[in-house]
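In what follows, a single structure is set out as structure tokens and then discussed.
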Amino acid sequence: MAHDRFQGHDYYQVDELLTEEHLLIRNSVREWVKKEVSPIIEDYAQRAEFPKQILKGLADIGAFGPYIPTEYGGGGLDQISYGLIMQEVERGDSGIRSTASVQSSLVMYPIFTYGSEEQRKKYLPSLAKGEMIGCFGLTEPDHGSNPSGMITNFKDAGDHVILNGAKMWISNAPFAHLAVVWAKDENGDIRGLIVERGMEGFTTPETHGKWSLRASATGELVFDNVKVPKSNIFPEVKGLKGPLGCLNSARYGIAWGAIGAAMDCYDTALRYSQERIQFGRPIGGFQLQQKKLAEMITEITKAQLLTWRLGVLKNENRATPAQISMAKRNNVNMAITIAREARQMLGGMGITGEYPIMRHMMNLESVITYEGTHDIHLLITGMDVTGLNAFT
Ligand code: TGC
Ligand code: FAD
């Protein structure tokens, strides 16, 4: 990508709702992204490779477990800080944000919330430092939107269990040191287990040929009679509410992240419209282009306010899963719509890697699908407001 000239956009002075600490965190992550992500990301996306060298930097900026207490190596920060970190990292690339949100919300969060004290002490500090990378296995080939139908299962075998089954579409799987895996026990109850690379019968084949999230590594988790010590099972949770509780945290981070991707597309299109001359004047002077830009900044501003308020509720432990669904759905849809419009505003240049828009646009096709599809979140809102369940 050409020199990163990104400037944040704050049409309603939302910064005034943030603390000095929030602004400091936001600005330092923004600078890190400009220095470490923007110069390399296009190349890695084109090559369909995850830039592993940035893992240490992600840990250093506090992107791994920002809200996990400091005694376990986390940042001890609030939920708005977490959101701002996700926003800035996704401004760089959704795939890099994926790695950070999987590590924080889908690996560290369940170990912290559902794990034993021994599990917390064993894994959390190394995960926070990026010395260990984790992944989260919920989706299966035949069970995506409906994870309760999963067939991955384990059977008791004394001091360990025997795990069989397969997960697919797993972010970070090809290089992760450990996987938080959701599987059914002999009673059919969903339990969470920590499966480590190197356990016999555990493999993680990479998924190739993606047109989206190309700079993120995606793979399968295959369990062929894997012996997992019983001490690796989360003692504190049983049932689908275990993995769905993790998703509340990850979906919240995505709601913020999508604003970052949207702002990057808007920022690029705005600047281009002021510099690109057709018919003797900047294209930004034409009403049709102004309509696109005016709608973009309106939608970004609405999303910023929605998400800030959600962050306040989350800090107070009052955010409901349905409120989080609404923000994830709204913001990702907002971002992908802006990416599509912004791409058109750049004409032919919009399809090249000279500009970040096409990469964001393609990335967002995954973001609108994972962590619950656009339609699943609509049905969650529908169920919340009517009290009627459309799933069963
Ligand atoms: P249902 O009967 O409604 O609920 C089962 C139990 O779970 C509880 N529950 C929740 N608990 C916490 N948080 C939530 N958001 C919850 N939603 C439901 C519920 O109260 C109940 O508890 P209990 O005690 O009564 O047992 O479940 P259902 O089988 O009807 O499914 C509901 C549905 C469809 C909404 C849910 O399964 C769903 O959200 N499906 C979407 C699946 C999904 O989001 N998968 C994501 C996989 S991970 C991923 O994509 C990572 S991408 C990572 C990256 O790269 O960033
Ligand atoms: P399906 O569930 O088969 O859905 C297909 C279509 O049917 C969708 O449009 C859906 O909205 C619709 N549909 C389904 N049910 C209904 C209904 N009741 N009413 C109306 N419409 C319905 N999973 C993990 O566990 N860990 C990860 O790290 C992870 N990373 C991912 C990374 C990428 C790049 C991608 C693409 C996915 C990832 N996922 C991960 C999986 C992701 O969560 C699933 O793809 C997603 O939940 C949808 O499941 P599915 O693909 O099986 O689609």
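Observations, loosely collected:
- Residue list for the range 369-390, filter: open to solvent by less than 40 Å² (accessible area, probe 1.4 Å) and more than 10 Å from ligand 1 (Cβ to nearest atom): T381, G382
- Number of residues in the range 122-146 that are within 11 Å of ligand 2 (Cβ to nearest atom), closer than 15 Å to V180 by Cα and open to solvent by 10 Å² or more (accessible area, probe 1.4 Å) equals 3.
- Filter pass, Y114 being in contact with a Lys or Arg (Cβ under 8 Å, 6 or more places away or on another chain), modelled with pLDDT of 95 or more and either within 16 Å of ligand 2 (Cβ to nearest atom) or hydroxyl-bearing (S, T, Y) (or both): no
- Inspection of the range 184-191 finds a residue satisfying the criterion of being crowded, with 16+ Cβ neighbours inside 10 Å and more than 14 Å from ligand 1 (Cβ to nearest atom).
- Contact map, the range 99-115: first residue open to solvent by less than 10 Å² (accessible area, probe 1.4 Å), second residue more than 8 Å from ligand 1 (Cβ to nearest atom) and among the basic types (K, R), Cβ cut-off under 7 Å, separation 6 or more or different chains; pairs are I111/R120.
- Matching option when the condition is within 21 Å of E371 (Cβ to Cβ) and either within 13 Å of ligand 2 (Cβ to nearest atom) or of a type outside the set (K, R) (or both), among A269, A255: A255
- Filter result for G73 (on the phi > 0 side of the Ramachandran plot and not assigned by TED's automatic domain parsing to the domain that holds A303): yes
- Complete set of residues in the range 145-189 that are over 25 Å from W211 (Cα atoms) and charged (D, E, K, R): K155, D156, D159, K184, D185, E186, D189
- A215 within 16 Å of ligand 1 (Cβ to nearest atom), out of contact with any strand residue (DSSP E or B) (no Cβ under 8 Å at 6 or more places or on another chain) and small (G, A, S): yes
- Subset of the range 204-248 that is of a type in the set (S, T, Y) and crowded, with 23+ Cβ neighbours inside 10 Å - its residue that is nearest to ligand 2 (Cβ to nearest atom): T218
- Taking the listed residues L55, L23, the one that is in contact with a helix residue (DSSP H, G or I) (Cβ under 7 Å, 6 or more places away or on another chain) and among the aliphatic types (A, V, I, L, M) is L23, with no other qualifying.
- Of everything in the range 312-341 that is of a type outside the set (A, V, I, L, M) and farther than 16 Å from G372 by Cα, the residue that is surrounded by the fewest Cβ atoms within 10 Å (Cβ to Cβ) is N317.
The values are calculated or read from the model by the stated rules, or taken from the named source; none is laboratory data. These numbers come from a predicted model, not from an experiment. Quick reminder, even Gly has a Cβ in these numbers, built from the backbone with ideal geometry, and neighbours come from all protein chains shown. Heads up: the accessible areas ignore ligands, DNA and RNA and are worked out on the full protein's heavy atoms, side chains in. Shrake-Rupley method; radii C 1.70, N 1.55, O 1.52, S 1.80 Å.
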